[in-house]
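Everything on this sheet refers to the single structure shown next.
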Amino acid sequence: MHQPRVVLGVSGGIAAYKACELLRRFTESGHQVTVVPTAASLHFVGEATWAALSGRPAATETWERVHEVPHVRIGQQADLVVVAPATADLLAKAAHGLADDLLTNTLLTARCPVVFAPAMHTEMWEHPATQENVATLRRRGAIVLEPAVGRLTGVDTGKGRLPDPGAIFEACRLVLARGGLPLDLAGRHVVVSGGGTREPLDPVRFLGNISSGKQGYALAATAAARGARVTLLAANTELPDPAGVDVVKVSTALQLREAALAAAADADVVVMAAAVADFRPAEYAAVKIKKVEGAEPAPVALVRNPDILAELSAHRASAAQLVVGFAAETDHALEHGRAKLTRKGCDLLVVNEVGAGRAFGADTNEAVILGSDGSETVVPHGPKEALADILWDLVAQRLK
Ligand code: C5P
């Protein structure tokens, strides 16, 4: 079997130490990795570490082993190039096609997918120069993961952290799995909701549902691997953030509605995979509801939640915006699905039969995707990522 060849570029930021973990993930899962550190990065992690972890010499210099023409060969032979961490300086060089060391040379000769995982202080990330460089790289088809938010070097916190190495690895795995297919969602803003809402009854109780968020997360991760800028609206999930995805945490249906309307304002497509509670308690008790000895509990009055999917479909941010819904049905799935598609006014509806351990919380799914144009796409039983990719195929066709 072909052993995928990965080039791990490391530029000079303190997050270079996290690239050791990323390298291990690759080598332990059967990838052949050539590490190309910049000279500055060797201040943070030395050549010996890269050589020991990759089992191959680290390639540092354009002028070493010149007869092998390394500045051309390493890039040409790669199935994937990932730069982690990518500093502001490295992004600038890549955006302008500079080639003054082996890593920047490699970036110019690579014809495979290229993933940048930036890490820097928030000010540097937000600077218009960096943002324009990132936009240039994305426009040319590179995948630039959004940095994570959290503690930075020193005492400050903000956006700019290198995403978790496990999450970068997952993103790279999905890009490699596409086998060089075009990044058909590049330049698109994709909004996905996942998980299940909770409607509080009192400070310690809520009405909720058993949605795990796995399908929504699979949609977000696969969209990022196809080049999209992704906003994931995560309702009460326990899953790790996918790398390069902007995650907005919400809890109630009303919070999800607000976040969805805000994110949808400039979105090309909105996918509502979250299980949204149809009802919420009419009253919220500010103190915990007590049981009264010898008395039955008072009934809980419910009121309807707004239907976010129907609202998004009816008030689109642009005529070209696509809206996708999910429908979990326990019986007569297709019949109910068709009616729901019309009622909600969305473009595509993913219909799956649930119950008996199917779909909710599982890693696999099967469905039929109904289109407002009358189309029906059968998604056979398989990983939630596979369903996600089939949905993105349909979305990409319709966005063209
Ligand atoms: O009506 P039903 O709950 O079956 O519809 C499911 C679809 O509608 C899902 O895409 C879900 O995210 C969305 N939905 C919504 N707002 C609600 C209820 C469901 O957006 N209040």
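The values are calculated or read from the model by the stated rules, or taken from the named source; none is laboratory data. None of the values given here were measured: they were computed from a predicted structure. With ideal geometry, Cβ positions are generated from the backbone for all residues, glycine too; neighbour counts draw on all protein chains shown. Note: areas computed on protein heavy atoms with side chains; ligands, DNA, RNA excluded. Shrake-Rupley method; radii C 1.70, N 1.55, O 1.52, S 1.80 Å.
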Worksheet item: Pick from GLU199, GLU28, GLU366: which is most flexible by mean-square fluctuation in a GNM of the chain where alpha carbon atoms under 10 Å apart are linked?
Response: GLU28
Worksheet, complete the sentence: In degrees, nearest 10, the alpha-carbon axis of helix 333-344 is tilted away from the dominant principal axis of the alpha carbons of the chain by 90
Discussion item. For segment 3-29 and segment 91-110, what is the centre-to-centre distance using only Cα atoms, to the nearest Å?
Written reply: 18
Worksheet item: What are the residues whose amide H is under 5 Å from the amide H of LEU233, where those residues sit 5 or more places off or on another chain and H is modelled from the backbone?
Response: VAL192, SER193, GLY194, VAL248
Discussion item. If I build a Gaussian network model for the chain, linking alpha-carbon pairs within less than 10 angstrom, which residue out of HIS43, HIS381, HIS332 has the largest mean-square fluctuation?
Written reply: HIS332
Worksheet item: At a 1.4 Å probe, what is the % contribution of carbon and sulfur to the accessible area of the chain?
Response: 55
Discussion item. So if I place +1 on the C-beta of Lys and Arg and -1 on the C-beta of Asp and Glu, and nothing else carries charge, what would the dipole magnitude of segment 70-224 be about its Cα centre? I want it in debye, nearest 20.
Written reply: 440
Worksheet item: If you place +1 on the Cβ of every Lys and Arg and -1 on the Cβ of every Asp and Glu, how big does the dipole about the Cα centre of segment 1-137 come out, in debye to the nearest 20?
Response: 440
Worksheet entry | Net charge dipole size for the chain [Lys, Arg +1 and Asp, Glu -1 on Cβ; Debye, nearest 20] | 120
Worksheet item: Rolling a 1.4 angstrom probe over the protein heavy atoms, how many square angstrom per residue are accessible across the chain?
Response: 47
Worksheet item: If one takes the longest principal axis of the Cα atoms in the chain, at what angle in degrees, from 0 to 90 and to the nearest 10, does the Cα axis of helix 384-399 lie?
Response: 90
Response to the item:
Farthest towards the positive end of the dipole of segment 240-306, among PRO297, ALA253, VAL270 and with Cβ unit charges of +1 on Lys and Arg and -1 on Asp and Glu, lies the Cα of PRO297
Worksheet, complete the sentence: If each K or R counts +1 and each D or E counts -1, the residues other than GLU335 whose Cβ falls under 14 Å of its Cβ total -1
Discussion item. If I fit a long axis through the Cα atoms of helix 165-177 and take the longest principal axis of the Cα atoms of the chain, what angle between them do I get, 0 to 90°, rounded to 10?
Written reply: 90
Fill in: GNM result for the chain, Cα springs below 10 Å: residue of THR34, THR157, THR136 fluctuating most strongly
THR157
